[in-house]
Amino acid sequence: MIVAMQETATDEQIQRVIDHLVRMGFEVHRSTGARQTVLGAVGARVDFDVRDIEVLPGVQEAHRISAPYKLAGRSFRPEGTIVKFLNGLTIGGTEVVVIAGPCSVESRQQLFTIAEHVAAAGARVLRGGAFKPRTSPYSFQGLGEEGLKLLREAADKFRMLVISEVMEISQIALMMPYVDSLQVGARNMQNFNLLRELGKVRKPVLLKRGIAATIEELLLSAEYIMAGGNYELILCERGIRTFETYTRNTLDISAIPIVKKLSHLPMTADPSHGTGRRDKVSPMGRAALAAGADALMVEVHHCPEQALSDGAQSLYPEQFRQLMTELRMIAPAVGRKIA
Ligand code: PEP
Ligand code: MN
């Protein structure tokens, strides 16, 4: 931390700040200039609050220079994390993985139809919600375990892996036999009890950025899961809430290179929830790949007009096939390959 004292700060005030920093565990280096004193504080634990110093008498400003997360930070694993699945698929290496499927699992016929289409087009992971976080309690809430069984069966039939959202701790054990990866939705990014439990799980977790979460908050949520011992973690930008109303959310493409610089964890993007409109999904999917995404998550439905959730942002199978063709052309331009 760097603490700049006010020009008018007294020696007594400066000493009080130094004493406070030492009590917090810092080693303090004092630099006394002609007009102003600057304190360089190094070596404390990561969980301090810079405001504790900012409010002390005589302090002009205080700035944190170290990241508040350790395990999720790039320096923990400078070479980057590659998450490996049992079938050999990896996320975070050269190959970019496409995850696709309906928003919700609605029926056997629906899921198998969509799974066949997305697998044929090149998706490697089948997505689908069995537990749905809906804004209204009257909206379709998902098929629960029945939906998980269908996901497993469809994914096995069409040689894909399964990812599905976990909304609460009690669902973890139920989901484990059916899924290859657990998704934490935007609304649960700061459900810290859930994150802690997922730290004990030995399956990859895909953690989505909250609707109004900063990148630092996303990385601190990742830290919760890693602190519990689960390092198989994938992050996902899924759009944040801004003042723009044309799109459902604003897909923050810049979060992709930012997270890849700050963290060693694979970073992915979901252009479906990121835009909320079918005609904007492919352009933003292409942009996310170009910006360095390690995987893309895309909602697809064979009959989106009748979808029980997120029909307006679901691609038709033909549009998804077209997107895959485009992604295969873009990938080599940025040194990647579609898995
Ligand atoms: C989803 O993937 O279907 C979903 C609900 O996503 P999010 O948590 O990003 O809204
Ligand atoms: Mn959805």
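Assorted remarks:
- When R248 is tested against (1) within 30 Å of I65 (Cβ to Cβ); (2) out of contact with any Pro (no Cβ under 7 Å at 6 or more places or on another chain); (3) touching a residue at least 60 places away in the same chain (Cβ under 8 Å), exactly one condition is not met: (1).
- Members of segment 312-339 found to be in a loop (DSSP other than H, G, I, E, B) and either without any contact (Cβ under 8 Å) to a residue 60 or more places away in the chain or within 16 Å of ligand 1 (Cβ to nearest atom) (or both), listed by number: S314, Y316, V334
- Any hit, segment 299-314, residues being surrounded by fewer than 24 Cβ atoms within 10 Å (Cβ to Cβ), of a type in the set (D, E, K, R) and at positive phi: yes
- Within segment 192-202, the presence of a residue that is buried (at least 20 other Cβ atoms within 10 Å of the Cβ), at pLDDT 95 or above and part of a strand (DSSP E or B) is excluded.
- Segment 90-107: number of residues that are closer than 21 Å to A130 by Cβ and more than 16 Å from ligand 1 (Cβ to nearest atom): 1
- Pairs meeting the criteria (first residue in segment 103-119 and at positive phi, second residue β-branched (V, I, T) and within 14 Å of ligand 1 (Cβ to nearest atom), beta carbons under 8 Å, at least 6 apart or on different chains) are lacking.
- Residues that are among the small types (G, A, S) and within 22 Å of V97 (Cβ to Cβ) within segment 149-196 comprise A154, A155, S164, S181, G185, A186, listed in sequence order.
- Strands (runs of 3 or more DSSP E) fully within segment 1-91 counting 3 or more residues that are of a type outside the set (S, T, N, Q) and touching a residue at least 24 places away in the same chain (Cβ under 8 Å): 2-5, 37-42, 59-63
- Set side by side, the residues H273, H302 differ, and just one is under 22 Å from E106 (Cα atoms) and in contact with a His (Cβ under 7 Å, 6 or more places away or on another chain), which is H302.
- Applying the set (1) touching a residue at least 40 places away in the same chain (Cβ under 8 Å); (2) under 16 Å from D310 (Cβ atoms); (3) surrounded by fewer than 18 Cβ atoms within 10 Å (Cβ to Cβ) to D270 leaves exactly one unmet item: (3).
- Among (1) assigned to a helix (DSSP H, G or I); (2) surrounded by fewer than 24 Cβ atoms within 10 Å (Cβ to Cβ); (3) of a type outside the set (G, A, S), the one test that P133 misses: (1)
- Complete set of residues in segment 104-130 that are surrounded by 24 or more Cβ atoms within 10 Å (Cβ to Cβ), part of a loop (DSSP other than H, G, I, E, B) and within 15 Å of ligand 2 (Cβ to nearest atom): V105, G128, A130
- Restricting attention to segment 109-156, the residues being within 30 Å of R328 (Cα to Cα) and among the charged types (D, E, K, R) number 6.
- Sole exception among (1) within 16 Å of ligand 2 (Cβ to nearest atom); (2) in contact with a Lys or Arg (Cβ under 7 Å, 6 or more places away or on another chain) for N188, by number: (2)
- Scanning segment 156-188 for residues that are hydrophobic (A, V, I, L, M, F, W, C), buried (at least 20 other Cβ atoms within 10 Å of the Cβ) and over 15 Å from M297 (Cβ atoms) yields V166, M167, M175.
- Taking the numbered list (1) free of Cβ contacts under 8 Å to residues at least 12 places away in the same chain; (2) in contact with a helix residue (DSSP H, G or I) (Cβ under 6 Å, 6 or more places away or on another chain) in turn, V162 passes all entries but (1).
The values are calculated or read from the model by the stated rules, or taken from the named source; none is laboratory data. Keep in mind the model is a prediction, meaning the values are calculated, not measured. Please note: Cβ atoms are built from the backbone with ideal geometry, for glycine as well, and neighbour counts cover all protein chains shown.
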